[in-house]
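Bear in mind that the values in this text are calculations on the coordinates, not laboratory data. Just so you know, these numbers come straight off a predicted model, no measurement behind them. Using ideal geometry, Cβ is built from the backbone for each residue, glycine included, and neighbour counts are taken over all protein chains shown.
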Amino acid sequence: MANKQALRDLQSRLAQRLSAARFEERGKSWLAVECSARGFLFPLREAGEIFTPTSIQPVPHSQRWFLGVANLRGHLHGVVDLAGFLGVKSADASRDQARFVGFNPSLEINCALLVDRLAGLRGEADLSAEDEDGSTRPAFVGTRYRDRAGRAWQELNLADLAGDASFLRIVAG
């Protein structure tokens with residue numbers, strides 16, 4: 001029971017900091033999440049509300065990574081397993097701290113990403129950009145960063161993801 005309360009407290013603090021950070025004009029800032037033990041960064045201006053996972057209604061003939069639709073605060077949202085979409089899903093991924101991260105309403109897409117765990121907020125001062133390796137990447141994959149502990153974090157631009165043809169193609173076939 002203490003774990004549930006601690007998770008609720010963390011989510012509440014993150015929501016408050018997320019809200020406050022949106023109005024600050026400092027450098028870049030991100031919501032850090034984990035999927036299959038990999039770190040990802042969502043730009044705060046593009047991330048939306050954080051939801052506790054709820055029941056999902058499957059959609060027939062859809063991609064495996066498109067989990068279905070969920071009613072989130074009275075609105076239907078498509079739910080995408082981010083690790084599955086990115087092809088990094090591992091069998092040992094723990095989902096006991098999973099959350100849905102919505103897209104900012106300004107992006108005009110009713111979608112939420114299933115992530116394994118929230119990892120807090122990060123700012124430019126917390127991270128160092130790595131040199132580009134020259135490999136071809138989708139447009140939504142941004143800069144790769146390292147934190148002070150040496151952990152790698154990959155930026156994912158949600159605005160670009162919301163317009164990516166492979167992301168929007170949920171029909172299997």
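The residues neighbouring residue 126, those whose beta-carbon lies less than 9 Å from its own, together hold a net charge of 0 under the Lys/Arg +1, Asp/Glu -1 convention. Per residue of the chain, what 222 nm ellipticity follows from adding -39500 (n - 2.57) for every DSSP H run with n ≥ 4, rounded to the nearest 500? Result for the chain, helices only: -5500 deg cm²/dmol.
Under a Gaussian network description of the chain, with springs only between Cα atoms under 10 Å, the residue in 71, 104, 157 that fluctuates furthest is 71.
The GluC sites (Glu not before Pro) found in region 24-104 that occupy coil by DSSP, while having at most 15 further C-beta atoms within 10 Å, are 24, 25. Taking amide H atoms as placed 1.01 Å from N in the peptide plane, the amide H of residue 35 lies under 5 Å from those of 40, 116, each 5 or more residues away in sequence or on another chain. Label positions at residue 13 and residue 128, each projected 7 Å from the Cα along the C-beta direction, are separated by 2.7 nm.
Where does the charge balance sit around residue 98 when Lys and Arg score +1, Asp and Glu -1, over other residues with C-beta under 12 Å from its C-beta?
Details: positive: 95, 99, 117; negative: 34, 81, 96, 116.
Neighbour charge sum, excluding residue 98 itself: -1.
Taking R0 as 30 Å, what's the FRET efficiency between residue 49 and residue 152 from their Cβ-Cβ distance, rounded to 0.05? It comes to 0.65. For the chain, the spherically averaged projection of the C-alpha convex hull amounts to 11.2 nm². If you take every residue apart from residue 107 with its C-beta less than 11 Å away from the C-beta of residue 107, what net charge results, scoring Lys and Arg +1 and Asp and Glu -1? With Lys, Arg at +1 and Asp, Glu at -1, the neighbours total -2. Look at 86, 41, 168 and count the other Cβ atoms within 10 Å of each Cβ; fewest to most, that gives 168, 86, 41. Between residue 89 and residue 110, the modelled label-to-label distance comes to 2.4 nm, taking each label 7 Å out from Cα in the direction of the beta carbon. Of the residues 110, 98, 85, the one whose Cα sits farthest towards the positive end of the charge dipole of the chain is 98 (charges of +1 on Lys and Arg Cβ, -1 on Asp and Glu Cβ, taken about the Cα centre).
Comparing mean-square fluctuations of 45, 117, 151 from a GNM of the chain with C-alpha springs under 10 Å, the top value falls on 151.
Taking amide H atoms as placed 1.01 Å from N in the peptide plane, the amide H of residue 47 lies under 5 Å from those of 104, each 5 or more residues away in sequence or on another chain.
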